[in-house]
Structures are given as C-alpha cells and as structure tokens.
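Working notes for the structure below.
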C-alpha cells in the first residue's frame with residue numbers, strides 16, 4: 001500500500017523562504033486536524049489558557065529550529081520533511097511526508113526560480129490555508145497523549161544540538177504524501193544518490209494542548 005497523495009496548488013515559484021512558510025502553514029493545519037490545538041494560532045488570545053502554554057512553547061521552538069535549518073549553508077540538501085503524530089517518535093500513528101524542491105539559482109531571472117521568488121503574501125497564505133482546511137479539516141483529538149514530531153531528510157551535516165540522527169521507519173499504511181506544486185519556474189534538484197541523505201529528528205516537539 002502506498003501513501004495517500006495530496007497535491008496542493010501554489011500558483012507560483014517556490015524558493016527557500018516560501019517553502020518554509022508552506023511547511024509552517026501545513027504544520028498549523030495538522031495541529032488543528034489532529035486536535036492538538038483548539039483554534040488557529042492567529043485566533044489565540046494574548047494570554048492563552050494554562051493548558052496551552054506548553055503547546056505554544058513547543059510550536060515556537062520547532063519553528064525556530066526549522067528557520068535555522070532552512071537558513072543554514074546545507075539548506076539545499078533538504079529533500080523531505082515529515083510531520084508525525086503519535087505518543088512518541090518510535091510509535092507514530094500517522095506521517096505526513098512533504099518533499100522539498102528548491103530552485104538552485106538564487107539570482108536567476110525570468111523563467112528561472114531565483115528573483116521571481118519571494119515570501120508568501122497574506123492573500124497567498126489565505127489561499128493555501130483554504131486548501132489545507134479542505135484537505136485536513138479541524139477535528140477533535142483522535143487519541144489522548146498525542147504529540148507532533150518533525151523529521152528532516154538531508155545531509156547529516158544538518159545535525160546539531162537541536163537536530164539528532166534518527167533510524168525512524170515510516171509505514172505506507174500510516175502515511176500521506178503532501179506535495180506543493182511549482183508553477184512558472186525551473187527547479188534544479190541535485191541528483192545525488194539517496195544514500196547521502198539521512199533522516200534526522202528535530203529535538204523539540206509539540207504536546208497536545210488542553211483548554
């Protein structure tokens with residue numbers, strides 16, 4: 001059995017900045033879909049309930065690690081990000097794999113994916129959020145004690161204090177493939193052997209929030 005496939009339409013080029021934003025939007029949507037958050041982060045009160053403080057702290061720590069990885073000199077080695085939900089990183093109930101394809105020409109023009117790329121506008125974010133909402137609608141928590149873990153596949157040079165090597169195994173019957181398509185640009189992906197890319201786990205994780 002292969003992973004269920006979900007293709008989301010972006011209508012634009014994807015650069016390192018917008019790819020990170022897409023991942024962040026997907027993570028927020030899946031937190032709602034699995035009931036780990038009671039409402040979108042944009043609607044979270046300035047003083048959140050005590051039961052959500054640890055959850056929100058985990059979200060910010062994960063975001064900080066991802067920002068660091070996507071800005072590192074090895075960022076172009078990132079091939080895939082997996083968002084996993086389960087009680088611990090060795091017992092995963094469901095995995096959402098997201099391939100990462102980033103333009104290789106940072107300063108290219110016209111048909112290539114360098115200069116035309118930019119961060120997502122508010123309008124683009126809303127459009128993507130609508131697609132995510134339809135694909136992964138908010139639900140009540142399906143299991144108690146659930147957590148969200150993030151894995152990254154790339155060069156092992158990405159390993160650092162908050163990213164550790166992992167021997168994680170993903171099962172196709174508990175997996176969804178979430179792809180963001182590129183439009184109007186040229187992607188140049190390094191054809192290195194898959195053997196050079198390793199799975200690593202982001203050490204901070206997100207716990208189930210309680211209201």
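The values are calculated or read from the model by the stated rules, or taken from the named source; none is laboratory data. Computed from a prediction, not measured in an experiment: that's the story for all the values here. Reconstructed Cβ throughout: ideal geometry from the backbone, glycine too, with neighbour counts over all protein chains shown.
Listing for the model above:
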{"item": "Test: residue in region 133-144 that is surrounded by 14 or more Cβ atoms within 10 Å (Cβ to Cβ), at pLDDT below 95 and assigned to a helix (DSSP H, G or I)", "result": "yes"}
{"item": "Of the criteria (1) at pLDDT below 90; (2) in a strand (DSSP E or B), which one residue 102 fails", "result": "(2)"}
